[in-house]
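Notes to accompany the following structure.
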Amino acid sequence: MAQENEIQSSYFLTEVKSDPLGKGGVDYANIIQLGFLLPHFTLPDTFGKEFCLKQQIGRHNLILTFLHRIDCSCTRPFLEKLKQHLGEIQAHNGQLVVISIDHPRILVNLIRQMQIEFPILYDAEQMAIRLYTVIDRDSVRREPHPAIFMADTLGVIRHKDISLGHADKLSISALLDNLKEI
């Protein structure tokens, strides 16, 4: 895909740790490191409007959050925490974007029920999930590991948190501390 070709030159397959979990695999979650440029993608939001990451760079500090799946017990509480901290994120020139593989009908219902005011993007083909190497290879649905990436206005990754389990393991306080330092 054309968007995949937009991956920045700092996106190298370096520092890949082999078999970190003792499962006979490669630690793909550590391919993208702090200091790398955000890989670009364009995805529709839950209402069908295109969101182009490349167009957002230079405007805001970007916070990309990957959701495991909506029916996971940790997802709604995690979204509620993000919602509670949205004002603080915006006060530090942050733009929060959530990425999910759940169908837009499910996501629209979630947005309405929870009164979410930040975009949730629909990654049907798992393009962003693959670009950011957060795909859960043991998952039947090939959903992402819960993850947060934050980049400054230049698109340089300044914070990264990936949970190989559930979203409740992600630290919003660490994200906010790093956001305040930019």
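No lab work stands behind these numbers, since they all come straight from the coordinates. It should be emphasised that the depicted structure is a prediction, and the values quoted were computed from it without experimental measurement. Cβ coordinates were reconstructed from backbone atoms using ideal geometry, including for glycine residues, and neighbour counts include every protein chain displayed.
Here are the numbers for this structure:
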{"read-out": "Least to most buried among V108, V140 (fewest other Cβ within 10 Å first)", "value": "V140, V108"}
{"read-out": "Filtered trypsin sites (Lys or Arg not before Pro), the stretch 24-131: DSSP coil and at most 15 other beta carbons within 10 Å", "value": "K49, R59"}
{"read-out": "Average projection area in nm² (convex hull over Cα atoms of the stretch 81-182, one quarter of hull surface)", "value": "6.7 nm²"}
{"read-out": "Those GluC sites (Glu not before Pro) in the stretch 53-146 that DSSP places in a loop and that have at most 16 other beta carbons within 10 Å", "value": "E117, E125"}
{"read-out": "Of K81/K160; K49/K160; K83/K169; K49/K169; K81/K180, those spanning more than 23 Å from alpha-carbon to alpha-carbon", "value": "K49/K160; K49/K169"}
{"read-out": "Model label zone, V140; criterion: amide N under 12 Å from point 7 Å along Cα-to-beta-carbon; scope the stretch 108-122", "value": "none"}
